[in-house]
Amino acid sequence: MVRALGIISFSESNVWVEGMESFRSIAAFPFLGRYRVVDFPISNMSNSGIDRIQVYIRRKPQSLVQHLGTGRHYNINSKSGYLRMMFASSTEENDYYNTDIRTYMEFIDHIKNTSNTHVVIAPGYMIYQQDYAAMLNAHIESGADISVLYHAVDNAKDAYQNCYCVNLNRQKGVKSFELNSGTAKNRNIFMDTYVMSKAMFLDLLDEAQKLSSMYTLRMIINAKCDELDIRGVAHKGFFAPITDFKSYYDANLSVNREKIAETLFKQSWPIYTRTNDSCPAQYFESAEVKGSFIANGSVVEGTVIDSVVGRDCKIKPGAVVRNAVLLDNVTIGEGVHIEGQVVDKNAQVIHMKEIIADPEHPGYIKRNDVV
Amino acid sequence: MKQNSMLAMILAGGRGSRLHDLTNKVAKPAVGYGGKYRIIDFPLSNCANSGIDVVGILTQYESVLLNSYVSGGSKWGLDSRDSGVFVLPPREKADSELDVYRGTADAISQNIDFVDSYDPEYILILSGDHIYKMNYSKMLNAHKENNADATIAVLEVPMKEASRFGIMNTDPETGRIVEFEEKPAQPKSNLASMGIYIFTWKLLRKMLLADMKNENSSHDFGKDVIPAMLNDGKRLFAYKFKGYWKDVGTIDSLWEANMDLLDKKNGLELDDRTWTIYTEDAPATPQYVSSTGSVKRAYVTQGCVIEGDVRNSVLFTGAEVKAGAKVVDSVLMSGVVVEEGAVVQRALVADGVKIGAQAVVGDPDSEHIELIAKNVKG
């Protein structure tokens, strides 16, 4: 069996999540109150037998570092394998220079000096389930130079705004990558996931450096679509890229528990995360909860409808939480009514009795804020 | 190397036969509690929080699951360079035959070599099947202040129940124990022993060596070692514990201890971050209450999916209540599934049991809690 090196990448400079990303990288964003976004690519790799994983981190590392720690919780043998954090050490004023390739080059020895023959590169800002071992085997079988993952959608006009699309020929060969312009409903959204040989990866890095110091991996591959055999691999099941504030909000609230049981939460495919030793959630007599995910450590005395409640949150009596995403340790005070909001960690909504937004244009309540 | 001034030994060998089918496959300390915990998480977390680094666990009955559960000690942070959790079943030794632990004291006697290897000044003896939070370092301070040979944690129980316990009669001024009575018919005090002892190791070591040779001894701390120490005029002190403490010896009391968690001020305060109870974190999805679900007065942990009606109940990891089902005044242990339209009342449903559609189990008017340990057909 080939042994692939796992690389968790950061996003291109067009991606920015207003508000939340000032505090932590997207990889460290909570998902459904229990996970962090990065748990999904790492668990996918771990479950696929990839046990050397490098997580590339561009900015605001603290939250992610705390979450990843030794990586022991991802079920990787800590002697023969590893989970390593690779920090981009220099940043340019002009963000176009701060590419993934620039950071790969910083750690090129760590990529070269492994016995791994292949690389699997997956984004630390997209949530989906995928068996990379199967993808790797199919890639080798096909004889292609590069395999990339895409997801066919029928709502590209309204969503996936900062994502790229793959344009395919009939044989599923990739003709080009282009930014989703929102002009067509049916598009193949690029999942920023690549499988290739390590030699190919190193060649691409070299070539990109020669052509343009602002090139990202996607850009250099796009430039080589005519030369190389690049195959698109269709992904099915739950897929949620986090590329702006709205997509983060939607990712949490679009989850249909019954439907995703088989595509994101498979019994045979555990999603690992770090425990934070919270006690179970407590519901009191006055609790009214419908259609919601509730994380451990929370105390529910009020009403929660179609929402996600993070760890150690307090929903006081008479409070109403609807279509909202609460991060950890949020308090929603007595009689407070919030709707269509993302409430960041440690915030307390006590004095404002009504904060309501249309789910199409959700609001953001700042971390540590008291309102 | 850090000095391990006090070593803890947890007695976890008991079967807990009054828990019936719950302990057919696992020892009592490994029985689940409070949604995500096992009973032994309490003494182990108390040790970790009290700054105790090395814990020995004396196992005997059905110890496979318990062994794999505690091994490594990482769940409680007891896995640093100088700390560890060690499972100690009876062993065959060069100078003695393989023998079961004949009593609580014998379990320690057979592991004198283990204790000696850490050269502790004090030894803390705990029971693996009690639910409580306690700072053992405070108890050690009292032990040192009293210049005691042994300190025994005691709980004030109602006088009319005192005859069910081992009772310490103390000098009210100093707390020094003058007499110990096992289940006295006419109790003179209501200070019940909690089975938590601190001994000065040098002295206990001597007492244990003598006890091993004593053919009339039942090799038990309460029945033999403590009375022998009192006889010898040693300095034994009672250490009063205040707070939540439960010995979950029966199905009724295990159910009750779970129900206690539903109260706002339950005395155990599992959400208190200054004294966290650590446990295994099983991979599980976030808990979910669907549009058809309803949850009131309940303690629910990750992995649960609630589509039905849950009241006055505690749900363990991964329990599922399907649409139209009702769970009232009950405990659903890990992985229990209550199918559509089924009703569960005043019951404790064991790990992995399925209650079929439309089935009715338990009785709202029953005196005792019903244990459901086998699948129930719909």
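The values are calculated or read from the model by the stated rules, or taken from the named source; none is laboratory data. None of the values given here were measured: they were computed from a predicted structure. Please note: Cβ atoms are built from the backbone with ideal geometry, for glycine as well, and neighbour counts cover all protein chains shown. The accessibility values were calculated without ligands, DNA or RNA, using every heavy atom of the protein model including side chains. Shrake-Rupley method; radii C 1.70, N 1.55, O 1.52, S 1.80 Å.
Considering B:349, B:344, B:295, the condition of being under 30 Å from residue A:31 (Cβ atoms), surrounded by 20 or more Cβ atoms within 10 Å (Cβ to Cβ) and either under 29 Å from the mean Cα position of the chain (by Cα) or within 14 Å of chain A (Cβ to nearest Cβ) (or both) is satisfied by B:295 alone. If I ask for residues that are assigned to a helix (DSSP H, G or I) and under 9 Å from residue B:187 (Cβ atoms), which ones from segment B:162-176 would you list? Within segment B:162-176, B:162, B:163 meet the criteria.
Condition check for residue B:131 on (1) surrounded by 17 or more Cβ atoms within 10 Å (Cβ to Cβ); (2) at pLDDT below 95: one failure, at (2). Can you tell me which residue among A:217, A:179 is open to solvent by 70 Å² or more (accessible area, probe 1.4 Å) and closer than 27 Å to residue A:236 by Cα? Testing whether each residue is open to solvent by 70 Å² or more (accessible area, probe 1.4 Å) and closer than 27 Å to residue A:236 by Cα leaves just A:179. One residue stands out among those in segment A:182-199 that are surrounded by fewer than 17 Cβ atoms within 10 Å (Cβ to Cβ) and of a type in the set (A, V, I, L, M): the one that is farthest from the chain's Cα centre (by Cα), which is A:199.
For segment B:270-292, the set of residues classified as open to solvent by less than 30 Å² (accessible area, probe 1.4 Å), within 7 Å of another protein chain (Cβ to nearest Cβ) and part of a loop (DSSP other than H, G, I, E, B) consists of B:270, B:276, B:285, B:286, B:290, listed by residue number. Taken over segment B:66-90, the criterion of being modelled with pLDDT of 85 or more and over 26 Å from residue B:140 (Cβ atoms) is satisfied by B:66, B:67, B:68, B:69, B:89, B:90. Could you list all residues from segment A:26-58 that are over 15 Å from the mean Cα position of the chain (by Cα) and within 13 Å of another protein chain (Cβ to nearest Cβ)? Matches in segment A:26-58: A:46, A:47. Quick check on this structure: which one of B:96, B:117, B:137 is within 26 Å of residue B:37 (Cα to Cα) and open to solvent by 10 Å² or more (accessible area, probe 1.4 Å)? None of the other options fit; the residue is B:137. Of everything in segment B:352-363, what is outside any loop (DSSP other than H, G, I, E, B) and either open to solvent by 40 Å² or more (accessible area, probe 1.4 Å) or at pLDDT below 95 (or both)? Give them in sequence order. Across segment B:352-363, the qualifying residues are B:354, B:360. Checked against (1) part of a loop (DSSP other than H, G, I, E, B); (2) of a type in the set (A, V, I, L, M, F, W, C); (3) at the interface with chain B (Cβ under 9 Å from one of its Cβ atoms), residue A:352 passes all but a single condition, namely (3). The single residue among A:72, A:84, A:52, A:58 that is over 30 Å from residue B:79 (Cα atoms) and among the charged types (D, E, K, R) turns out to be A:58. Quick one: residue B:325 ticks every box in (1) in contact with a strand residue (DSSP E or B) (Cβ under 7 Å, 6 or more places away or on another chain); (2) more than 24 Å from residue A:316 (Cα to Cα); (3) facing chain A (nearest Cβ under 8 Å) bar one, so which box is it? Answer for residue B:325: the failing condition is (3). For the subset of segment A:220-258 comprising residues that are touching a helix residue (DSSP H, G or I) at 6+ places or on another chain (Cβ under 8 Å) and of a type in the set (Val, Ile, Thr), which member is surrounded by the fewest Cβ atoms within 10 Å (Cβ to Cβ)? Checked segment A:220-258; the qualifying residue surrounded by the fewest Cβ atoms within 10 Å (Cβ to Cβ) is A:233. Looking across segment B:246-262, just one residue is modelled with pLDDT under 95 and open to solvent by 50 Å² or more (accessible area, probe 1.4 Å), and that is B:247. Just checking, does segment A:291-314 include any residue being away from chain B (no Cβ under 14 Å) and not in a loop (DSSP other than H, G, I, E, B)? Looking for residues that are away from chain B (no Cβ under 14 Å) and not in a loop (DSSP other than H, G, I, E, B), one finds none in segment A:291-314, hence no. Check whether at least one residue in segment A:81-89 is over 22 Å from residue A:216 (Cβ atoms), open to solvent by 10 Å² or more (accessible area, probe 1.4 Å) and of a type in the set (A, V, I, L, M, F, W, C), and report yes or no. Looking for residues that are over 22 Å from residue A:216 (Cβ atoms), open to solvent by 10 Å² or more (accessible area, probe 1.4 Å) and of a type in the set (A, V, I, L, M, F, W, C), one finds at least one in segment A:81-89, hence yes. Looking across segment A:3-19, the residues that are aliphatic (A, V, I, L, M), under 15 Å from the mean Cα position of the chain (by Cα) and surrounded by 24 or more Cβ atoms within 10 Å (Cβ to Cβ) come down to A:7, A:8, A:17. The numbered conditions (1) surrounded by 20 or more Cβ atoms within 10 Å (Cβ to Cβ); (2) closer than 18 Å to residue B:129 by Cβ are all true for residue B:60 except (1). Tell me, please, whether a residue that is more than 26 Å from the chain's Cα centre (by Cα), among the basic types (Lys, Arg) and surrounded by fewer than 16 Cβ atoms within 10 Å (Cβ to Cβ) can be found in segment B:211-228. Yes, the conditions are met somewhere in segment B:211-228. Look at residue A:282 and say whether it is modelled with pLDDT of 90 or more, outside any helix (DSSP H, G or I) and among the polar types (S, T, N, Q). Answer is yes for this residue. Being modelled with pLDDT under 95 and either in contact with a His (Cβ under 9 Å, 6 or more places away or on another chain) or outside any strand (DSSP E or B) (or both) is not true of residue A:43.
All of B:366, B:334 fail the test of being free of Cβ contacts under 8 Å to residues at least 60 places away in the same chain, assigned to a loop (DSSP other than H, G, I, E, B) and hydroxyl-bearing (Ser, Thr, Tyr), apart from B:366.
Are there helices (runs of 4 or more DSSP H) fully within segment B:5-110 with at least 1 residues that are within 14 Å of chain A (Cβ to nearest Cβ)? List them. Lay out the reasoning, then the answer.
Numbers: elements: B:41-49, B:64-70, B:104-109.
Answer list for segment B:5-110: B:41-49.
The set of residues in segment A:251-272 that are closer than 22 Å to residue A:329 by Cα and either over 20 Å from the mean Cα position of the chain (by Cα) or at the interface with chain B (Cβ under 8 Å from one of its Cβ atoms) (or both) contains only A:272. Given B:252, B:263, which one is farther than 30 Å from residue B:109 by Cα and within 14 Å of another protein chain (Cβ to nearest Cβ)? One residue alone meets the criteria, B:263.
Is it fair to say residue B:317 is in contact (Cβ under 8 Å) with a residue 40 or more places away in the chain, within 8 Å of another protein chain (Cβ to nearest Cβ) and among the polar types (S, T, N, Q)? Don't jump to the end; show me each part of the working.
Values: in contact (Cβ under 8 Å) with a residue 40 or more places away in the chain: yes; within 8 Å of another protein chain (Cβ to nearest Cβ): no; among the polar types (S, T, N, Q): yes.
No: the conditions fail for residue B:317.
Out of all the residues in segment B:182-193, which are outside any loop (DSSP other than H, G, I, E, B), open to solvent by less than 40 Å² (accessible area, probe 1.4 Å) and out of contact with any Phe, Trp or Tyr (no Cβ under 6 Å at 6 or more places or on another chain)? Matches in segment B:182-193: B:191, B:193.
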